[in-house]
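Trainee: The following block contains the structure, expressed as structure tokens.
The values are calculated or read from the model by the stated rules, or taken from the named source; none is laboratory data. Bear in mind that the values here come from a model prediction, so they are computed numbers and not experimental data. Here the Cβ positions follow ideal geometry from the backbone for every residue, glycine too, while neighbour counts run over all protein chains shown. All accessible areas refer to the heavy atoms of the entire protein, side chains included, with ligands and DNA or RNA removed. Shrake-Rupley method; radii C 1.70, N 1.55, O 1.52, S 1.80 Å.
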Amino acid sequence: MDHSPLRHRTAVITGASGGIGAATATALEQAGATVIRHACRTTGEGFLNADFESPAAVDRFFDTIIERTPKIDVFVNAAGVDLMSPTMKALPFENRLRRLMEVDVFAACRLSKRIGERMKTDGGGTLVFFSWDGVAYGWTGETAQLYGTAKGAVLGFCRSLAETLAPEVRVRCLSLGWIRTRWGVKASDEFQRLGADDSLLRRWGEPSEVADAVLYLVSPQSAFVDGIDIRLNGGKRAVK
């Protein structure tokens, strides 16, 4: 078995300072990839900083990574707005939606379109997005309305981007269930139970498990896998 399936590959991961992004960066690096990490704000050495609420910053980020590497083999869209932060929760619905769409949708689509076109010209590559399994069935509350709107748009974009960039470029989308990110660790007992009860495995998923799935989807072993809307949720107990 090849323990370094991504040797001589370059991966760019946005949102690499947070739970899923950080775990994915580590997994890909351990698999042999050279990893370029993005963060919204300075988090230490080894990160490229860009605030994706600014379209100009998105374009500068693209220019910077193209200057750094002649070829991008893997691009993982893990950057996202934290809807559960006190700052976001204090904003009106429309403001929260605008900020969420700017980062989770507009920036991801803009970057992926440009990087995907470059990958196609260079002869290959893999793009990875994250959606939400709740897009298929919905959930109650404003946060679900916001998240469902953004992640539904991401999933729709992935499907058409995959058609556009095939066969050279593979487009993958993981629709996540309850994952124990920083918010998940601090979530109330009620939410802890909700997440566990929603899965056939009776537990939340871990960022490392998401990273393992990404590693498989960007590796040669998944070349013939349909990577559009793969649900990572421990098995859904029931669809509402």
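Trainee: Quick one: G32 ticks every box in (1) assigned to a helix (DSSP H, G or I); (2) more than 12 Å from the chain's Cα centre (by Cα) bar one, so which box is it?
Mentor: If we test G32 against (1) assigned to a helix (DSSP H, G or I); (2) more than 12 Å from the chain's Cα centre (by Cα), just (1) comes out false.
Trainee: Go through region 41-74 and give me each residue that's under 17 Å from the mean Cα position of the chain (by Cα) and assigned to a loop (DSSP other than H, G, I, E, B).
Mentor: A50, D51, F52, E53, I72, D73
Trainee: Confirm whether I20 is within 17 Å of L127 (Cβ to Cβ) and over 16 Å from the mean Cα position of the chain (by Cα). Reasoning before the result, please.
Mentor: Details: within 17 Å of L127 (Cβ to Cβ): yes; over 16 Å from the mean Cα position of the chain (by Cα): no.
Spelling it out, it is not the case that I20 is within 17 Å of L127 (Cβ to Cβ) and over 16 Å from the mean Cα position of the chain (by Cα).
Trainee: Just give me the residues in region 217-226 being in contact (Cβ under 8 Å) with a residue 60 or more places away in the chain and open to solvent by less than 50 Å² (accessible area, probe 1.4 Å), in sequence order.
Mentor: Passing the criteria: L217, V218, S219.
Trainee: Hey, any hits in region 118-129 for a residue that's β-branched (V, I, T) and part of a strand (DSSP E or B)?
Mentor: Looking through region 118-129, at least one residue is β-branched (V, I, T) and part of a strand (DSSP E or B).
Trainee: Quick check: anything in region 94-109 open to solvent by 50 Å² or more (accessible area, probe 1.4 Å), in contact (Cβ under 8 Å) with a residue 24 or more places away in the chain and either in contact with a His (Cβ under 6 Å, 6 or more places away or on another chain) or not in a helix (DSSP H, G or I) (or both)?
Mentor: Scanning region 94-109 turns up no residue that is open to solvent by 50 Å² or more (accessible area, probe 1.4 Å), in contact (Cβ under 8 Å) with a residue 24 or more places away in the chain and either in contact with a His (Cβ under 6 Å, 6 or more places away or on another chain) or not in a helix (DSSP H, G or I) (or both).
Trainee: Out of the residues in region 181-195 meeting the condition of being of a type in the set (A, V, I, L, M) and at pLDDT 80 or above, tell me which one is most open to solvent (accessible area, probe 1.4 Å). Walk me through it before giving the result.
Mentor: Step one: filter region 181-195 for residues of a type in the set (A, V, I, L, M), giving 185, 187, 194.
With the extra rule that they be at pLDDT 80 or above, the set shrinks to 185, 194.
Numbers: V185: 95, L194: 61 Å².
Ranking the candidates gives V185 first.
Trainee: Let me ask something additional. Quick check on R202: is it more than 24 Å from V35 (Cα to Cα), free of Cβ contacts under 8 Å to residues at least 40 places away in the same chain, basic (K, R) and not in a helix (DSSP H, G or I)?
Mentor: yes
Trainee: Given the condition open to solvent by 70 Å² or more (accessible area, probe 1.4 Å), touching a helix residue (DSSP H, G or I) at 6+ places or on another chain (Cβ under 7 Å) and within 26 Å of R60 (Cβ to Cβ), answer yes or no: does some residue in region 114-122 qualify?
Mentor: There is at least one residue in region 114-122 that is open to solvent by 70 Å² or more (accessible area, probe 1.4 Å), touching a helix residue (DSSP H, G or I) at 6+ places or on another chain (Cβ under 7 Å) and within 26 Å of R60 (Cβ to Cβ).
Trainee: Okay, next question. For region 132-180, how many residues are open to solvent by 40 Å² or more (accessible area, probe 1.4 Å), among the basic types (K, R) and not in a helix (DSSP H, G or I)?
Mentor: Going through region 132-180 one residue at a time, the tally reaches 2.
Trainee: Please specify each residue of region 136-172 satisfying the condition of being among the aliphatic types (A, V, I, L, M) and out of contact with any helix residue (DSSP H, G or I) (no Cβ under 8 Å at 6 or more places or on another chain).
Mentor: Selection gives A136, A162, A166.
Trainee: Report the residue count in region 70-82 for those that are open to solvent by 10 Å² or more (accessible area, probe 1.4 Å) and touching a residue at least 24 places away in the same chain (Cβ under 8 Å).
Mentor: 7
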